[in-house]
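Asks: My questions will all concern the structure given below.
The values are calculated or read from the model by the stated rules, or taken from the named source; none is laboratory data. Not measured: the values here are computed from a predicted model. Note that each Cβ is placed from the backbone with ideal geometry, even for glycine, and that neighbours are counted across all protein chains shown. In case anyone asks, the SASA skips ligands and DNA or RNA and just uses the protein heavy atoms, side chains included. Shrake-Rupley method; radii C 1.70, N 1.55, O 1.52, S 1.80 Å.
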Amino acid sequence: MNNPEETAARLVHALSIVFGGPQETIASESGGPYTRYSLPRTLRLEACSICQLKCPSCSRSTPSFKATIGSGFLKAKDFRGLLDQNPGIAGVELSNYGEIFLNPELLEIMAAAYERQVFLAASNGVNLNTAADQVLEGLVRYKIRHLTCSIDGASPDTYKIYRVNGSYEAVMDNLAKINYFKKKYGSPYPILSWQFVVFGHNEHELPLARKKAAALGMRFSPKLSCDEDFSPIRDPELIKRQTGFRMVSRREYRRVYGLDYIQEICYNLWDQPQINWDGKVLGCCCNFWGDFGGNAFEEGLLAALRHEKLAYAKAMLRGQAKPREDIPCATCKNYLTMQASGFFFKPWPAPLRRGLQLLKLVYPACDLPRLRYWLGV
């Protein structure tokens, strides 16, 4: 069980994200139904798109990824400029497709955020295979709020089946170092989560992984695989017992609910827009095949997020506009599922949307897409 300090830290982090909502509503000069925008207080900003692993289902090897995301890392000067020009930003999520610890300026970025009282997190996930001791200490010293570690196994042999080129021993060693620094500084941060993507080859290690996560003071978070053809699950009943999942594949989830397993990610466009390491506006953390036309570093965050393509995409997700081939959402699996089911997003009142976000952050097992299905929102 978490100690009271750890529990309080989790709640503070959740409240910071959920109630770090839009600062103000601004209408563009052109008016129209697709151009109103609320400037967010939390962003997703890729710290590094480079990764040292070769996970079989990763999108990084695709031509679309190379053309849109590219290979690079966030520069500290760009990060400082973004924060200084947008003092209303309260928090930034740094992780996405790459490994943040491969950014040679990460320590400088953490310090810049700390000096400006902006919280940082890497909740999307890190592999934690390669990290200098001073950077691991910096996670604690600069109070990085949350770190999700992708560890799909509880033994070296199982771990390396999917995390190709990875070292289970290195990950465990780095986690021990983080916990050492947390104890040294008397800090609950970073909050640590163990994300376990369930496959056929690792399902038998779910109980052991959960036990090891608890011993390390980590929250255990099993997750359905995005690639059901790689190492398909073998014992559905075991997985249901160990995870509490009602369904054991994303395909089954879509068939039953008419929603995608990760449907709530579409709300990134409103609440936590994804910015690439080079400033391109990607909209959400799934998109790697096209940008929305703006660049937060070159033209400023507000101008980039007021781009017509992003506003039109929001209208598409609400079922208020027809798909357009120049909008990345038009070919996204999430949007195609919405089209097939006719279950588009509704403009939730902010209190309801934030309340459900808070529920998800405090209780990760909460199934937001299924909750939306029941509520009809």
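Asks: For residue 252, indicate whether it is out of contact with any helix residue (DSSP H, G or I) (no Cβ under 7 Å at 6 or more places or on another chain) and of a type in the set (Asp, Glu).
Replies: yes
Asks: Mind checking which residues of segment 81-115 are crowded, with 17+ Cβ neighbours inside 10 Å, charged (D, E, K, R) and not in a loop (DSSP other than H, G, I, E, B)?
Replies: Listed by number, the list holds a single entry, 93.
Asks: Can you tell which of 145, 141 is more than 21 Å from the chain's Cα centre (by Cα), open to solvent by 20 Å² or more (accessible area, probe 1.4 Å) and on the phi < 0 side of the Ramachandran plot?
Replies: After ruling out the rest, the residue left standing is 141.
Asks: Moving on to the next point. Evaluate the following for residue 312: is it among the aromatic types (Phe, Trp, Tyr) and within 30 Å of residue 207 (Cβ to Cβ)?
Replies: For residue 312, the condition - among the aromatic types (Phe, Trp, Tyr) and within 30 Å of residue 207 (Cβ to Cβ) - is not met.
Asks: Considering each of 179, 165 in turn, give the residue that is assigned to a helix (DSSP H, G or I), out of contact with any Ser or Thr (no Cβ under 9 Å at 6 or more places or on another chain) and open to solvent by 30 Å² or more (accessible area, probe 1.4 Å).
Replies: 179
Asks: Tell me which of these residue 152 doesn't satisfy, since it passes every other one: (1) buried (at least 19 other Cβ atoms within 10 Å of the Cβ); (2) of a type in the set (D, E, K, R); (3) part of a helix (DSSP H, G or I).
Replies: Status for residue 152: all satisfied but (3).
Asks: I've got another one for you. Mind checking which residues of segment 40-79 are out of contact with any Pro (no Cβ under 7 Å at 6 or more places or on another chain), of a type in the set (A, V, I, L, M) and not in a loop (DSSP other than H, G, I, E, B)?
Replies: Answer for segment 40-79, where residues must be out of contact with any Pro (no Cβ under 7 Å at 6 or more places or on another chain), of a type in the set (A, V, I, L, M) and not in a loop (DSSP other than H, G, I, E, B): 45, 67, 76.
Asks: Mind listing just one residue for me: the one in segment 184-219 that is touching a His at 6+ places or on another chain (Cβ under 9 Å) and not polar (S, T, N, Q) and, of those, farthest from residue 161 (Cα to Cα)? Spell out the reasoning first.
Replies: Quick first cut of segment 184-219, residues touching a His at 6+ places or on another chain (Cβ under 9 Å) only: 189-193.
From what is left, the residues that are not polar (S, T, N, Q) are 189-192.
On the way: 189: 30, 190: 28, 191: 27, 192: 23 Å.
Among residues in segment 184-219 that are touching a His at 6+ places or on another chain (Cβ under 9 Å) and not polar (S, T, N, Q), the one farthest from residue 161 (Cα to Cα) is 189.
Asks: So which pairs qualify, if the first residue must be in segment 129-147 and under 15 Å from residue 91 (Cα atoms), the second must be in a helix (DSSP H, G or I) and at pLDDT below 95, the Cβ gap must be under 7 Å, and the two must be at least 6 apart or on different chains?
Replies: 145/13; 146/13
Asks: Residue under question is residue 373, and the condition is that it be at pLDDT below 60 and touching a Gly at 6+ places or on another chain (Cβ under 9 Å); does it hold?
Replies: Considered against the rule, which asks whether it is at pLDDT below 60 and touching a Gly at 6+ places or on another chain (Cβ under 9 Å), residue 373 comes out as yes.
Asks: Check whether at least one residue in segment 192-200 is open to solvent by 20 Å² or more (accessible area, probe 1.4 Å) and assigned to a helix (DSSP H, G or I), and report yes or no.
Replies: Looking for residues that are open to solvent by 20 Å² or more (accessible area, probe 1.4 Å) and assigned to a helix (DSSP H, G or I), one finds none in segment 192-200, hence no.
Asks: Is it true that residue 188 is open to solvent by 10 Å² or more (accessible area, probe 1.4 Å) and over 21 Å from residue 277 (Cα atoms)?
Replies: yes
Asks: Yes or no: residue 251 basic (Lys, Arg), over 22 Å from residue 59 (Cα atoms) and at pLDDT below 95?
Replies: Details: basic (Lys, Arg): yes; over 22 Å from residue 59 (Cα atoms): no; at pLDDT below 95: yes.
The answer is no for residue 251.
Asks: Out of 260, 229, report the one residue that is open to solvent by 10 Å² or more (accessible area, probe 1.4 Å) and part of a loop (DSSP other than H, G, I, E, B).
Replies: Details: 260 fails: open to solvent by 10 Å² or more (accessible area, probe 1.4 Å).
Result of the check over 260, 229: 229.
Asks: Inspect all residues belonging to segment 101-116 and state whether any of them is in contact (Cβ under 8 Å) with a residue 40 or more places away in the chain, closer than 18 Å to residue 50 by Cα, touching a Pro at 6+ places or on another chain (Cβ under 8 Å) and not β-branched (Val, Ile, Thr).
Replies: No.
Residue by residue, here is whether (1) closer than 23 Å to residue 126 by Cβ; (2) in contact (Cβ under 8 Å) with a residue 24 or more places away in the chain; (3) over 18 Å from the mean Cα position of the chain (by Cα) holds:
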residue: 226; (1), (2), (3): yes, yes, no
residue: 233; (1), (2), (3): no, yes, yes
residue: 245; (1), (2), (3): no, no, yes
residue: 261; (1), (2), (3): yes, yes, no
residue: 279; (1), (2), (3): yes, yes, no
residue: 289; (1), (2), (3): no, yes, no
residue: 307; (1), (2), (3): no, yes, yes
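Asks: Might you let me know whether segment 119-129 holds any residue that is open to solvent by 20 Å² or more (accessible area, probe 1.4 Å), out of contact with any helix residue (DSSP H, G or I) (no Cβ under 7 Å at 6 or more places or on another chain) and assigned to a loop (DSSP other than H, G, I, E, B)?
Replies: For segment 119-129, residues open to solvent by 20 Å² or more (accessible area, probe 1.4 Å), out of contact with any helix residue (DSSP H, G or I) (no Cβ under 7 Å at 6 or more places or on another chain) and assigned to a loop (DSSP other than H, G, I, E, B): absent.
Every residue, every condition in (1) modelled with pLDDT of 95 or more; (2) farther than 19 Å from residue 344 by Cα; (3) not in a loop (DSSP other than H, G, I, E, B), yes or no:
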residue	(1), (2), (3)
281	yes, yes, yes
287	yes, no, no
290	yes, yes, no
297	yes, yes, no
304	yes, yes, yes
313	yes, no, yes
316	yes, no, yes
323	yes, no, no
326	yes, yes, no
